[in-house]
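Colleague: Pasting a structure here, questions to come.
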2 protein chains.
Amino acid sequence: MNEVSYRNVSLTEGFWKNRQDIVKNITIESVYDRFFDTGRVEAFEMKWKKGDEKQPHVFWDSDIAKWIEGVAVFNEITPENEEKIEHIIDMIEDGQDESGYFNIFFTVVEPENRFKKRTEHELYCAGHLIEAAVAYYRLTGKDRFLRLMCRYADCIEKVFRIDKSADFTTPGHEEIELALVKLYSVTEEKRYLELAKFFIDERGKKIEHTYGFFNDGVYDQCFKPVREQETAEGHCVRACYLYSGMADIARIYDDKELKHACEMIFEDIVNYKMYITGGIGSSPIGEAFTIKYDLPNMRAYTETCAAISLAFFAHRMQLIEPKAIYAEIIEKVIYNGFLSGISLDGKSFFYENPLEIIPELRHKDVVVKNGERFPITERLEVFDCSCCPPNVIRFIAAIGENIYTYDENTVFVHQFMSGEAEFDSIKIIQETNYPFDGKVRIRYYGPDRKLAVRVPDFCEDIESENGYIYFDVSDGMETEIDFTMPVYFVESNPLVYENCGRYTVMRGPVVYCLEEKDNGKVLRDIVIDSNSEPEEVYDNEFGLPVIKMKAYRRKAQKKLYYRKNNETEETTATLIPYYAFANRGESEMLVWVQIR
Amino acid sequence: MNEVSYRNVSLTEGFWKNRQDIVKNITIESVYDRFFDTGRVEAFEMKWKKGDEKQPHVFWDSDIAKWIEGVAVFNEITPENEEKIEHIIDMIEDGQDESGYFNIFFTVVEPENRFKKRTEHELYCAGHLIEAAVAYYRLTGKDRFLRLMCRYADCIEKVFRIDKSADFTTPGHEEIELALVKLYSVTEEKRYLELAKFFIDERGKKIEHTYGFFNDGVYDQCFKPVREQETAEGHCVRACYLYSGMADIARIYDDKELKHACEMIFEDIVNYKMYITGGIGSSPIGEAFTIKYDLPNMRAYTETCAAISLAFFAHRMQLIEPKAIYAEIIEKVIYNGFLSGISLDGKSFFYENPLEIIPELRHKDVVVKNGERFPITERLEVFDCSCCPPNVIRFIAAIGENIYTYDENTVFVHQFMSGEAEFDSIKIIQETNYPFDGKVRIRYYGPDRKLAVRVPDFCEDIESENGYIYFDVSDGMETEIDFTMPVYFVESNPLVYENCGRYTVMRGPVVYCLEEKDNGKVLRDIVIDSNSEPEEVYDNEFGLPVIKMKAYRRKAQKKLYYRKNNETEETTATLIPYYAFANRGESEMLVWVQIR
């Protein structure tokens, strides 16, 4: 399968164009300003000394790198942004030493520990800088940053692969693997690809490091060689960045064993360890996968970056083979557990994206120090560990790369977004109001081909072949499909104990939730009448309809316990898209609701 | 109100006599043996030296003291037990120094810290030794142990009240307050009562110590003067031992302000912070009360000792004023969250008594180290912190003291247990199979009085005056009441978010639960048909009927999420008394079930 890069796709209107505009107009500047305020930009000057304020963190390099990548992918090289980026590249050039090494923390804070602390994000930062350089070069053609990063990659190759002089073999936080594949794709220098494969091949040959949270080697996926791994384990961002790199290597080298491991792990995630929002990470302890069917809603970890990393993994699996499940998962992620990570106004963020919020319990957690680690209840503009905001920028910038793949016979349409794509002497114009409604019009220009359009899994009335419907298309032909989008209810496997007796309200790919702002407190006690007719009211701010349904709730009582009575009062439940939660101040929120 | 002591009551048959027999015949010896094995007995020799094994813990004195108290209250002074106790008293006599001080830890482990470490259970141990000495003296008339403990109390009075030479004013773990009241009641030495009042009066005048878990002064109830406290806060065993002492002082001194504080706190517990089992303590972090309506079932702390301490508090409130709520709470505790703390065979124990167990999640907690602190799933014979087992012995031994109180006009019957009581020229013979059935026959011998019999709150068809039904009785008169005992369903206040959509099955005062042993896994998915006729099958081992009801569960599915269907299969749900859970190996367990 061939990729259709974000560079070949432009969104012209609709849901995702709107989101992109907000990120372009608001988020890019806002995130930069917060990074500037917190010292992340200044840190590149490498002037920090012991005793100074704003000590650089081990991951600051990567925060700025992701911001640069986002700007470049978006093609938002305004004079101001170009000046900012060129200034950062100046500082990188000045700060890079003769060996090619560049890392802020291990230059100014712990220079004695260069390549000695496996846990401390050194190669993770390198990976993000490489990705940024690749994107900047692709957009501008200016190769200074890319050359600097090739020097750094050469340095890493020498230290890890040739001299083996580092204190560890594989990084504690994966990311460089997929970055080196990108560096290879733009430079065509095979050594970078080989280095990516080296880091993947070496991982788990021995347990290099044990983190306090976990049994040996689980946290950072080195409990056994990656080709023998069959389950998703440990810190889930680390995990899915690794799996993404594995999928890249499996595809490029046609490595069957690695592909099989990727498939097994992907199935483990989607069959046992993924929230209905596409979120992953069931425990804040280690930000990690836990055991099968363990999906607590309120204490979910489900980091925005984890959702992104799962989409990366699915995207790369889709490049190996066009199974509908990969596109389904990307769809789940982008409309739910990813998009909830950024506020509607584009200014503030969630690190965790829980499926239930009860503010009182979060406050309890603050009272009882060192407590139960509930997620925060209100979005912030920047975090101490602020990996998510710039990750959101670059992911939304590149969202178009998820729409199409193709081979010599067939063009696959995996996602539905209004826009134009040009690739391989083909041009496709897609017009849709998805996910507001299910009508999709596709105009095709190019040689005769099969057009394989994914039928979303909520669409039960259209027959498909393994999730796709095939059309023969020729130059200038228009195809129109209408995926009906009624409100429907989803249940989870009974083994997900938290959701027994509870259901999720969905419309198309969008998960809906209850919020206190519309429904008052104690959302868990609302019972939606599934036989009542849903009223859909289009909401401008959310860009999607709000759903209103008849519901019941118990009458308030004074006693703590009392004999069951069936006294309820009728009410109207208002459900909003999950991704829009927590945009109106602190509020109770609930995805899995009672339905009768 | 006057107390009818356990010494004036003997149980002759039925539910509690059976429990007492098991504890007498099995538990007393078993707990002693475990204490012997772990070095708790030997520790009294005060021969431990740095480097030796079995370093005495700060609370070991109290473990043995509670065991002695239990034996004495039970009147189980067999020659073997007498020898064991006299040997321990010998060691105490030898170990006590000229000042009257006796504490193992602060003599052999940290002698330099005597009366310096507020947090380390020093006065808590003193209190339990005093309680043991009082019980042993009351039973045997032998006053050696009592005199030793009077000397120790004198020492404490001198250090804390006269010289104020200790490094703290009030103990970090309350208990000595109520113990000193008992010492006063047997010695009639007012100084001991004054010392108890001193510790209560001083508490919270300043924050003496801040524990890591909590904001200032909450953990150990010193956040404000006790008379200004209106809510139950902090470590809940500490709390209820304190509140018990406060209730004693309020009653004896007729201290209105203190009584009011006790009433407010009691209401706070029963209206907002108590499980339906009578368990208290919603968080394992700090073993503590948390916020109103926060009653997580699976991660409940609900220590056996906490249930006991709540019964102590309620018992003392009942001595101030015969409100039915006090007896109701004692009943809730003794048939549920207390009794679950000991296995049916009398040999093993729970520290925590959760309302739901899913073994896989506990195992996850072990995999993810330092995790979410779920309770253990199987009973143990002894714990490192083994306060509960001997507390169970002494509490069951004295259970009869909860049945009656009286004043010049009225004899109150609060609890229903077959047995004889003699007090104040009155004799009462009670015959009942309670809680197996609700028939209670009371024969009264003595002068003309009012007999006030509590009408249990589950009994809705008998009219009462504030929870009691009044009879005029004269010598030889027999009264019979039948409290009907159908199976019924209880709901909790909607604000208890965990229980929304869920109900507890009860019969009389007994909470029932589902266990995996009878019903298979995924108990949360069982929906009991409330319109089906419950079948009651008497179970010899449990001493109560098992309840069988028609129920439904969803058919097993492979997928993680799927569109709601209404496919269920009919099944029979088997419910056992909550107190009998975890007697057949590790098993899922659930109290709050789905009902339709």
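The values are calculated or read from the model by the stated rules, or taken from the named source; none is laboratory data. Keep in mind it's a predicted model, so treat the numbers as computed, not measured. Here the Cβ positions follow ideal geometry from the backbone for every residue, glycine too, while neighbour counts run over all protein chains shown. Ligands, DNA and RNA are stripped out before the accessible areas are found, and what is left, the full protein with its side chains, is counted by its heavy atoms. Shrake-Rupley method; radii C 1.70, N 1.55, O 1.52, S 1.80 Å.
Colleague: Average the reciprocal distances over every distinct pair of alpha-carbons in the range A:144-268, invert the result, and give the Kirkwood radius in Å.
Modeller: Computed over the range A:144-268, the radius equals 14.7 Å.
Colleague: Tell me the relative contact order for chain A as a rounded percent, counting alpha carbon contacts under 8 Å between residues six or more apart.
Modeller: 13
Colleague: How do A:GLU53, A:GLU177 stack up against each other in accessible area, from largest to smallest, with a 1.4 angstrom probe?
Modeller: Reading off the accessible areas and sorting them downward yields A:GLU53, A:GLU177.
Colleague: On to the next question. Tell me, what HN-Hα J-couplings in whole Hz come from the Karplus equation 6.51 cos²θ - 1.76 cosθ + 1.60 at θ = phi - 60° for each residue of the range A:548-562, using x for Gly and Pro?
Modeller: 10, 9, 5, 8, 10, 9, 5, 6, 4, 10, 8, 6, 7, 10, 7
Colleague: Among A:GLY419, A:ASN466, A:VAL455, flag the residue with its Cα farthest along the positive direction of the charge dipole of the range A:397-490, charges on Cβ as +1 for Lys/Arg and -1 for Asp/Glu.
Modeller: A:GLY419
Colleague: How many partner chain Cβ atoms sit within 10 Å of a residue's Cβ in peptide B:489-499, on average, as a whole number?
Modeller: Partner-chain Cβ atoms within 10 Å, mean over residues of B:489-499: 6.
Colleague: Quick one: Cα convex hull volume of the range B:536-596, Å³ per residue?
Modeller: Value for the range B:536-596: 121 Å³ per residue.
Colleague: log10 I(q)/I(0), Debye, Cα-only the range B:28-185, no solvent, q = 0.10, 0.13, 0.14 Å⁻¹?
Modeller: -0.33, -0.56, -0.65
Colleague: For the range A:287-337, what class follows from the C-alpha gyration tensor (a ≥ b ≥ c being the square roots of its eigenvalues): rounded when a/c is under 1.5, otherwise prolate if a/b is larger than b/c, else oblate?
Modeller: It comes out prolate by the Cα gyration axes.
Colleague: Cα centroids of the range B:372-402 and the range B:194-233: how far apart, whole angstrom?
Modeller: The distance from the Cα centre of the range B:372-402 to that of the range B:194-233 comes to 26 Å.
Colleague: How big is the dipole moment of chain B about its Cα centre under a simple scheme where the beta carbon of each Lys and Arg is +1, that of each Asp and Glu is -1, and everything else is neutral? Debye, nearest 20, please.
Modeller: For this selection, approximately 1660 debye.
Colleague: Apply the a/c threshold of 1.5 to the C-alpha gyration tensor of the range A:181-339 and tell me whether it is rounded, prolate or oblate.
Modeller: Oblate.
Colleague: Moving on to the next point. Could you tell me the relative contact order of the range A:324-452? Use alpha-carbon pairs under 8 Å, at least six residues apart, and round to a whole percent.
Modeller: Answer for the range A:324-452 is 17 percent.
Colleague: Give the residue from A:PRO390, A:ILE285, A:VAL333 lying farthest towards the positive end of the charge dipole for the range A:279-429; charges sit on Cβ (+1 for Lys and Arg, -1 for Asp and Glu) and the dipole is referred to the Cα centre.
Modeller: Value computed over the given set: A:ILE285.
Colleague: Loop-only check: which trypsin sites (Lys or Arg not before Pro) in the range B:206-247 are DSSP coil with at most 15 other Cβ within 10 angstrom?
Modeller: B:LYS206
Colleague: Can you give the translational diffusion coefficient of the range B:253-366 in µm²/s, computed by Stokes-Einstein from the Kirkwood radius over Cα pairs at 10 °C and 1.306 mPa s?
Modeller: Approximately 107 µm²/s, per Stokes-Einstein.
Colleague: Quote the charge dipole size of the range A:15-174 about the Cα centre in Debye, to the nearest 20; the model charges only the Cβ of Lys and Arg (+1) and of Asp and Glu (-1).
Modeller: Roughly 460 debye for the range A:15-174.
Colleague: Right, next: Throw me the Rg/Rh for the range B:350-448, computed over C-alpha atoms with Kirkwood Rh, two decimals.
Modeller: 1.22
Colleague: A follow-up question, please. Quick check: Cα centre of the range B:417-444 to Cα centre of the range A:408-425, how many Å?
Modeller: Distance between centres, Cα-based: 85 Å.
Colleague: So if R0 is 22 Å, what FRET efficiency would B:ASN466 and B:ASN433 give, r being the distance between their Cβ atoms, rounded to the nearest 0.05?
Modeller: Step by step, r from the Cβ atoms, then E = 0.25.
Colleague: Taking a probe of 1.4 angstrom, what is the accessible area of B:THR119 in Å², to the nearest 10?
Modeller: 30
Colleague: Further, regarding this structure: Out of the range B:185-262, which GluC sites (Glu not before Pro) are coil in DSSP terms and have no more than 16 other C-beta atoms within 10 Å?
Modeller: Qualifying residues, ordered by number: B:GLU188, B:GLU189, B:GLU230.
Colleague: Ok, one more. I'd like the trypsin sites (Lys or Arg not before Pro) in the range A:7-48 restricted to DSSP loop residues with at most 15 other Cβ atoms within 10 Å, sorted by number.
Modeller: In loop regions of the range A:7-48 (DSSP not H, G, I, E or B), the sparsely surrounded trypsin sites (Lys or Arg not before Pro) are A:LYS47.
Colleague: If you don't mind, there's one more thing I want to ask. For the range A:388-530, how big is Rg over Rh, using alpha carbon atoms and the Kirkwood form of Rh?
Modeller: Ratio value, two decimals: 1.07.
Colleague: Using unit Cβ charges (K, R positive; D, E negative) and no other charged atoms, how large, in debye to the nearest 20, is the dipole of the protein assembly as shown about its Cα centre?
Modeller: In total the dipole reaches around 220 debye.
Colleague: Could you work out the relative contact order of the range A:533-596? I mean the mean sequence separation of Cα pairs under 8 Å and 6+ apart, divided by the number of residues, in percent.
Modeller: Normalised by residue count, the contact order of the range A:533-596 is 28 percent.
Colleague: Peptide B:553-566: average number of partner chain Cβ atoms within 10 Å per residue?
Modeller: Counting Cβ atoms of other protein chains within 10 Å of each residue's Cβ and averaging gives 6.
Colleague: With unit charges on the beta carbons (Lys and Arg positive, Asp and Glu negative) and the dipole taken about the Cα centre of the protein assembly as shown, which residue among A:LEU514, B:PHE313, A:TRP60 sits farthest to the positive side?
Modeller: Working it through, the farthest residue towards the positive pole turns out to be A:TRP60.
Colleague: Continuing with this model, one more query. Mind ranking A:ASP529, A:ASP90 by accessible surface for me, highest first, 1.4 Å probe?
Modeller: Ranked from most to least accessible, the order is A:ASP90, A:ASP529.
Colleague: Another question, then. Please report the projected area of chain B's Cα convex hull averaged over all directions, in nm².
Modeller: With the hull built on Cα positions only, its mean projection is 27.3 nm².
Colleague: Based on the alpha-carbon gyration tensor of the range B:516-555 and its eigenvalue square roots a ≥ b ≥ c, which shape applies: rounded if a/c is under 1.5, prolate if not and a/b is larger than b/c, or oblate?
Modeller: Note, shape of the range B:516-555 comes out oblate.
Colleague: Could you check the simple spin-label distance between A:LYS224 and A:ASP482, using points 7 Å along Cα→Cβ, in nm with one decimal?
Modeller: The modelled label-to-label distance comes out at 5.2 nm.
Colleague: With the Cα gyration tensor of the protein assembly as shown in hand, give its eigenvalues times 5 under a square root as the equivalent ellipsoid semi-axes, listed largest first in whole angstrom.
Modeller: So the three semi-axes of the protein assembly as shown are 64, 36, 24 Å.
Colleague: Take the alpha-carbon centre of the range A:239-285, take the same for the range A:506-535, and report the distance between them in whole Å.
Modeller: 32
Colleague: Hey, another quick one. Just tell me how shielded A:503-511 is by partners: mean number of partner chain Cβ atoms within 10 Å of each residue's Cβ, no decimals.
Modeller: 1
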